[in-house]
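Take a look at the structure below.
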Amino acid sequence: MVAEAEGIHQSIPVLDVQYRCITKGIEEIVDISAATAVAVASPPSSPGCLQVALEPDAVAVDVAALELDLRALNAIPNGPMEPLQFVPSFRSGSFADIGPRRYMEDEHIRIDDLSAHLGSLLSCPTPSAFYGVFDGHGDSDAAAYIKRHAIRFIFEDTDFPQASEPDKVFLDSVKNCVRKAFLLADLALADDCTISSSSGTTALMALVFGRLLLVANVGDCRAVLCRKGKAVEMSQDHRPIYAAERQRVEESGGYIDDGYLNGVLSVTRALGDWDMKMPRGSPSPLISEPEFRQAMLTEDDEFLIIGCDGIWDVMSSQCAVSIVRRGLRRHDDPGHSARELVKEALRLNTSDNLTAIVICLSSEDRSSPPSPCSQDQQQQPPRLRYCKSLSAEALCNLRSWMDNDGGGD
């Protein structure tokens with residue numbers, strides 16, 4: 001977050017307290033930005049017929065990240081919802097790497113079963129889950145503090161609502177509690193004499209209650225939902241290039257210098273950093289007020305990615321979704337996919353610490369559902385997936401093959 005450039009690479013294990021998940025093994029990352037398709041031809045089954053087999057995702061599909069359809073995603077019912085067939089089933093994995101930095105300042109939380117984790121402390125719509133990523137700057141103290149106390153701030157100190165259905169009243173109450181928790185956490189960092197006033201952290205938290213997904217964000221970590229293969233951004237990066245944030249900063253007396261808030265921070269919202277917020281109670285261009293986005297999950301929603309800015313500095317939301325989706329097709333392991341995402345960011349020369357969480361929203365991979373087929377079709381050899389279109393280079397290679405080899409017999 002703070003403008004700096006350091007250059008020692010070191011990998012470190014993931015620390016997840018009670019909800020630790022250790023992944024084993026990693027497959028080589030393929031550069032999905034390549035626009036060349038390799039055609040593998042088999043002998044024609046009939047005159048003039050050429051069978052072309054392509055590896056899945058061999059040709060990258062350049063799709064811009066989808067904007068939120070707020071009217072659809074935010075359609076939270078006023079009263080109890082009618083029961084639907086789709087019920088999310090959460091399983092997650094994570095991976096973190098120090099990257100080229102000298103110190104690791106990222107922290108994260110994964111709780112796939114929030115009700116079981118909190119026990120009698122919480123009565124909420126089920127299934128329920130809680131995830132968080134905290135990207136520290138200045139040092140790691142603020143991020144580590146928020147990780148240690150996040151559960152207390154949200155579910156113990158804010159009179160968290162008790163409900164059996166995620167209706168609009170419940171949603172509004174949860175938002176109020178989370179907003180209050182962020183402000184309490186910010187003040188707690190100011191009061192803790194063991195934490196430097198220059199220590200701060202971004203914070204992104206995702207809570208799921210039944211089919212309701214709520215994301216609260218301060219800073220430039222990002223949550224991205226995969227909906228039928230398309231990236232739906234569930235948070236807005238709080239950076240000076242975000243027009244609304246720039247306007248708010250300038251109206252509060254701050255300024256942007258070379259892309260940094262007051263020439264120091266690359267984010268416009270954060271917890272801590274009290275050397276920029278003092279004296280307490282005075283207006284500050286750096287705030288800890290979270291922004292919210294929510295969605296009602298459906299069977300079209302495959303997984304959620306939460307990552308720190310070390311990921312998003314070097315790849316788009318759609319690129320990250322494509323990497324994870326392809327990995328889940330191969331091994332159906334969210335922890336492995338999180339590691340693949342981090343390794344790809346390292347290959348793309350990210351300059352920051354790296355943390356990624358992948359949350360599958362079903363007990364099985366739904367990224368490529370089987371299509372029904374007849375008995376005759378079942379007896380035929382399985383057909384590989386194919387792309388809807390080929391790149392210009394691939395078409396050129398295919399035409400050359402047909403002219404030189406395919407037409408010789």
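Throughout, read-outs are computed from the coordinates displayed, never taken from laboratory work. Quick caveat, the model's predicted, so the values are computed rather than measured. FYI the Cβ positions are ideal-geometry reconstructions off the backbone, even for glycines, and counts take in every protein chain you see.
Taken one residue at a time, the phi angles of the range 234-242 give Karplus couplings (6.51, -1.76, 1.60, θ = phi - 60°) of 9, 7, 10, 5, 8, 10, x, 6, 6 Hz. Gly and Pro are set to x.
The string of couplings for the range 137-145 from the Karplus curve (6.51, -1.76, 1.60, θ = phi - 60°) is 8, x, 6, 8, 5, 5, 5, 5, 5 Hz, one whole number per residue in order, with x for Gly and Pro.
Put a dot 7 Å past the Cα of TYR103, heading toward its Cβ, do the same for GLN162, and the two dots end up 4.3 nm apart.
In this structure the amide hydrogen of PHE95, modeled in the peptide plane, comes within under 5 Å of the amide hydrogens of ALA356, none closer than 5 places in sequence on its chain. Using Cβ point charges alone (K and R +1, D and E -1), the dipole size of the range 305-358 about the Cα centre works out to roughly 280 debye. Against the empirical 2.2 N^0.38 Å (N residues), the range 119-250 has a Cα radius of gyration ratio of 1.13. Size descriptors for the range 175-274: radius of gyration and Dmax over Cα atoms are 15.3, 48 Å.
Using only side-chain charges placed at the Cβ, +1 for Lys and Arg and -1 for Asp and Glu, the dipole size of the range 176-321 relative to its Cα centre rounds to 420 debye.
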